[in-house]
Amino acid sequence: MRIVVRLWKVLMPKFTVFIDRVLATLGRNPVIVVLVCMIPLAALLLLLNRPTPPTPTPPFHPVQALYQLEATAIRQGWDAPRHIQAGEIAYDLGDVDRAISHWEAAHELDPLNAVTLQRLADLYVRQQAWTPAVDTLRSWIALDPGQTWAAYQLGLILAPLNPLEATDYLEPLTTLPDYAIPVSRVLQAMAHRPFSAFRVGIALTDQALWPYAEHAFTQALFLGEFPGESMAYLALMRGMQGKSGEVWMRGALQLEPLNPQVYYLVGLYLRGDLRYSESLIAFNNAVLLDPTNPAYYAEMGQTYLQLQDVINADFWIRQAVTVSDYEPRFVEMLSMFRNQHTPLLLAAGVSVEEPTNADAQADLAWTLYRVGAIDEANAALARALAIAPDNLRAAFYQGRIALERGDVATARPLLERVATSESPLAGQARQLLAEMP
């Protein structure tokens, strides 16, 4: 306003001279006089009515806000709302431990605040702090019995510890589509007698609930249930969450060095850690210790597939089909694999047609021989020849095994028979004959 007044005092005398000149030029017409005199008044009104620019909002600095809030609380005392606000700011800053500390204090001051309980429960579950999670979830459900998420979390945590209480929380969720399948699987595992935390862990693993499965296998190990396998599962569950499972993996191998299932789980863990060579060794040991489990062959094939070795992948998945006696899931696995990689397989000279049972048994025999299962390999060859006595694949592998074992007299006629045929193995047979002493 002062600026306007000053401008008026400075400009008014000059404007008066200007008006006199205009009137002298245009004459003393009253209308013109009024219009000319209104010019300074209109200019003054425009200056006075000019909108005031908005005051800029200072930027929000959460660190400064938290400091000011805590400084105020030191002077005036902490209450639940201040703790809640401080927890929110700390959480936004990524300081989860500080947020938990403030929300725990808020809960102590206001134990009936369901929002605080919800925040604490969510963070406890995510941090896998199971004991405070159980206490907080129980308190939250007591305040709001209709909380399905809280009941689901509490049921999963309690499943390997207290199956009766866990059942109370999980059974009402079986009718809800979002929870029905995993809850039903866990309930089935808990209902098995005698109760087994290890079995609960398997059910949680099948549903890809890795943190809860890790918790269950920890309890199984504490109870002494299948200690080697429990440790191997712990390694795998931790690996699935991006955590290290090395200690558990090594412990499992030291505890049960002759358990094929331990090697199988270790193979999965190592493959997830992109340690493919070590993974293949583990799966190979599993096959050697138990040649009858098709899953071991299938995972060997899947590992080769991740290495983009489609020839070996096809070979091992095909063995899984044979060992499983054409179980649908392995047949489907082989079919999907071949549909996706047909051009590469054909380029490598691998037939994508379904082999006869004799061919499959012959391939299995060679697989078993390669892993050192000699008796099982001979049994597979016998089955192949029983199905088709003239099967060239069986003759080739029978001859090759005999040659590797130093029995040239047995190997020669078998390989000669294949070498003079139109079998895809004829070239390999001729090469072996050329190298034969």
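The values are calculated or read from the model by the stated rules, or taken from the named source; none is laboratory data. Keep in mind that what you see is a predicted model, and the values were worked out from it rather than measured. So basically every Cβ, Gly included, is an ideal-geometry build from the backbone, and we count neighbours across all protein chains shown.
What to note about this one:
- Restricting attention to segment 384-405, the residues that are touching a Leu at 6+ places or on another chain (Cβ under 6 Å) and either among the aliphatic types (A, V, I, L, M) or surrounded by fewer than 17 Cβ atoms within 10 Å (Cβ to Cβ) (or both) total 2.
- Annotation note: Cβ proximity below 9 Å between a residue of segment 411-437 that is in contact (Cβ under 8 Å) with a residue 12 or more places away in the chain and a residue that is assigned to a loop (DSSP other than H, G, I, E, B) and among the small types (Gly, Ala, Ser) (sequence gap 6+ or interchain) occurs for Pro424/Gly349; Pro424/Ser351; Ala429/Ser421; Ala429/Ser423.
- Segment 169-214 - residue that is over 27 Å from Pro145 (Cα atoms) and among the charged types (D, E, K, R) and, of those, modelled with the lowest pLDDT: Arg193
- Glu246 meets all of the listed conditions (1) of a type in the set (Asp, Glu); (2) touching a residue at least 12 places away in the same chain (Cβ under 8 Å); (3) over 25 Å from Glu332 (Cα atoms) but one, namely (2).
- Within segment 311-332, residues that are over 17 Å from Ala373 (Cα atoms) and free of Cβ contacts under 8 Å to residues at least 24 places away in the same chain reach partners that are in a helix (DSSP H, G or I) and among the small types (Gly, Ala, Ser) with beta carbons closer than 8 Å, at six or more positions or on different chains, in the pairs Asn312/Gly301; Ile317/Ala298; Ile317/Gly301.
- Beta carbons closer than 7 Å, at least 6 apart along the sequence or on distinct chains, pair a first residue in segment 250-272 that is of a type in the set (D, E, K, R) and modelled with pLDDT of 95 or more with a second that is crowded, with 24+ Cβ neighbours inside 10 Å and in a helix (DSSP H, G or I) for Glu256/Val262; Arg271/Ser279.
- Those helices (runs of 4 or more DSSP H) of segment 296-408 in which 2 or more residues are closer than 27 Å to Glu278 by Cβ occupy 310-323, 328-347, 357-370, 374-387.
- Odd one out for Asn339 among (1) modelled with pLDDT of 85 or more; (2) exposed (fewer than 14 other Cβ atoms within 10 Å of the Cβ); (3) not hydrophobic (A, V, I, L, M, F, W, C): (1)
- Count - residues of segment 118-144 that are farther than 20 Å from Leu170 by Cα, in a helix (DSSP H, G or I) and touching a residue at least 24 places away in the same chain (Cβ under 8 Å): 2
- Residue ID - nearest to Ala208 (Cα to Cα), chosen from residues in segment 229-260 that are polar (S, T, N, Q) and out of contact with any Lys or Arg (no Cβ under 8 Å at 6 or more places or on another chain): Gln241
- Any hit, segment 275-286, residues being β-branched (Val, Ile, Thr) and assigned to a helix (DSSP H, G or I): yes
- Scanning segment 115-141 for residues that are of a type in the set (A, V, I, L, M) and either in contact with a Ser or Thr (Cβ under 7 Å, 6 or more places away or on another chain) or surrounded by fewer than 16 Cβ atoms within 10 Å (Cβ to Cβ) (or both) yields Val115, Leu117, Leu120, Ala121, Ala129.
- Residue ID - farthest from Asn284 (Cα to Cα), chosen from residues in segment 421-431 that are surrounded by fewer than 16 Cβ atoms within 10 Å (Cβ to Cβ) and modelled with pLDDT under 85: Glu422
- Some residue of segment 60-67 being under 18 Å from Ala105 (Cα atoms), modelled with pLDDT of 75 or more and surrounded by 14 or more Cβ atoms within 10 Å (Cβ to Cβ): no
- Against the list (1) touching a residue at least 24 places away in the same chain (Cβ under 8 Å); (2) within 19 Å of Gln319 (Cβ to Cβ); (3) not hydroxyl-bearing (Ser, Thr, Tyr), the condition Ala382 fails is (1).
- Residue among Val371, Val418, Val408 that alone is more than 25 Å from Val287 (Cβ to Cβ), among the aliphatic types (A, V, I, L, M) and in contact with a Leu (Cβ under 9 Å, 6 or more places away or on another chain): Val418
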